[in-house]
Amino acid sequence: MTRINRLFITVLSVMSVFSAVNSSAQSLKFKNDGTFKIVQFTDVHWKPGNPASLEAERCMNAILDAEKPDMVVYTGDLAFAAPAREAVIRALKPTVDRGLPFAVTWGNHDDEYDASREELFSVIASLPGNLTDSVAGLSGVTNCVIPLQASNSDSTANLIYIIDSNGYSSIESARGYAGIQPDQIDWYRKSSKTWTEANDGKPLPAIAFFHVPLNEVNFAASNENSILNGTRRERACTPSVNSGMFSEILRCGDIMATFFGHDHINDYAVAHQGILLAYGRYTGGKTVYCDIPGDCGARVIILKEGKRQLDSWIRLADGSVLNRINFPHDFTRWKAIPNQ
């Protein structure tokens with residue numbers, strides 16, 4: 001059996017058992033130069049009728065015009081007031097108007113108003129360009145895997161995981177953010193194993209998007225041996241209980257970088273045990289705290305076909321570019337060779 005046939009069978013298996021994979025998602029391809037550009041918008045915090053939200057629209061329009069991405073990912077908290085359906089549609093409008101493919105993962109605020117996560121998912125599912133899917137019976141709603149095809153074939157070269165980090169914990173002794181749940185980690189493990197087996201036992205280079213950062217972010221950011229690039233103005237607001245997701249990422253060996261939002265005055269990237277942990281840039285207007293130096297903006301990510309490498313930077317609404325990084329190169333400490 002050829003590698004392509006094995007991969008085709010795997011896609012069917014992943015669709016029916018482990019993962020949600022949209023048929024439209026499989027049309028995403030690397031460009032001829034072997035790159036794929038993603039713009040990450042996070043924390044739009046749209047308030048219908050509030051003029052401050054028009055700053056978010058200005059921001060998204062300016063960045064999409066400047067970067068012309070192949071895909072857009074929204075990492076939660078699109079809605080910040082009722083009617084939430086209108087807020088989500090307005091937050092997505094700059095992307096939808098340009099006919100760009102997009103994916104969404106919910107934050108902790110989206111379903112706090114007049115619509116559930118499931119109801120808001122039906123809104124995005126009806127929009128052209130949507131790649132977001134869901135796995136029945138799994139915690140959260142926005143959980144899926146999006147494969148990226150190679151530039152010169154229909155084989156899968158890289159993967160994008162979209163994971164719902166849920167809302168708030170229901171455990172009395174562990175109040176706060178719920179984070180990624182055990183059943184989602186099990187789904188990720190099985191999905192990763194299936195894709196890896198189809199790729200002759202070699203993990204496909206992958207990245208993951210969710211809203212609430214993993215607990216390891218605080219450890220990495222406070223470690224004097226870490227290389228931190230960007231702005232850190234608050235401690236990461238993580239779940240009170242460590243989910244074990246980071247440990248599973250290390251075991252599976254496919255995800256090389258995670259991207260998230262939630263903390264509006266952080267936009268830094270830091271590596272921990274060989275995995276990049278990176279904030280997006282606050283995208284919303286002044287509808288909530290956002291006193292990070294500079295304008296609202298987005299993170300831009302350039303994936304490299306079939307490689308565990310990426311380039312990234314922060315693009316601001318005013319056109320400025322900050323914090324360019326190459327991973328893993330810029331996060332590897334240079335060691336002097338002793339005199340011999």
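The values are calculated or read from the model by the stated rules, or taken from the named source; none is laboratory data. All of these numbers come straight from a predicted model, not from anything done at the bench. Methodologically, a virtual Cβ is constructed for each residue, glycine included, from the backbone with ideal geometry; neighbour enumeration extends over all protein chains shown. We work out accessible area using only protein heavy atoms, side chains counted, and drop any ligands, DNA or RNA first. Shrake-Rupley method; radii C 1.70, N 1.55, O 1.52, S 1.80 Å.
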Query - When the convex hull of its Cα atoms is projected in every direction, mean area for the stretch 202-288 (nm²) - result: 6.1 nm²
Query raised in the report: Separation of the stretch 210-235 and the stretch 37-109 by C-alpha centroid, Å?
Result: 25 Å
Report summary line: Looking only at lysines whose Cα falls under 30 Å of Lys68's and that sit 8 or more positions away or on another chain, we get Lys29, Lys31, Lys37, Lys47, Lys93, Lys286, Lys304, Lys307
**Report entry** Calculated [θ] (222 nm, deg cm²/dmol) that DSSP helices of n ≥ 4 give over the chain, each run adding -39,500 (n - 2.57)
**Finding:** -7500 deg cm²/dmol
Report summary line: Relative contact order of the chain (C-alpha contacts under 8 Å, at least 6 apart) in percent is 21 percent
Requested in this report: Report in % the part of the accessible area of the stretch 91-139 that belongs to carbon and sulfur, leaving out ligands and nucleic acids; probe 1.4 Å.
Outcome: 51 percent
Query raised in the report: Rg/Rh for the stretch 70-187: what does it come to with C-alpha atoms and Rh from Kirkwood?
Result: 1.00
Query raised in the report: Among the helices of the chain (complete DSSP H runs), which have Cα atoms covering no less than 30 Å along the helix axis and a Kyte-Doolittle mean of at least -0.5?
Result: none
Query - R0 of 22 Å, Cβ-Cβ distance Asp330-Asp33: FRET efficiency to nearest 0.05 - result: 0.55
Report summary line: Long-range share for the stretch 227-340, i.e. C-alpha pairs more than 16 Å apart as a percent of all pairs, stands at 64 percent
Report summary line: Counting only protein heavy atoms with a 1.4 Å probe and every protein chain in place, the carbon and sulfur fraction of the accessible surface of the stretch 223-279 in whole percent equals 42 percent
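So with the 1.4 Å probe, I'd like the accessible area per residue for the chain, rounded to whole Å².
Computed with neighbouring chains in place, this is 40 Å² per residue.
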Requested in this report: Express in nm, to one decimal, how much length is gained between Glu172 and Leu322 on full extension, taking 0.36 nm for each residue of separation and deducting their alpha carbon distance.
Outcome: 49.9 nm
Report task. Quick one: which residues, 5+ away or cross-chain, put their amide H under 5 Å from the amide H of Lys304? H built at 1.01 Å from N. Result -> Gln309
Requested in this report: Report Rg (one decimal) and Dmax (nearest whole number) for the chain, counting Cα atoms only, units Å.
Outcome: 19.0, 70
Query - Partnerless cysteines, meaning none of the other Cys C-beta atoms lie under 4.7 Å away, in the chain - result: Cys144, Cys237, Cys252, Cys290
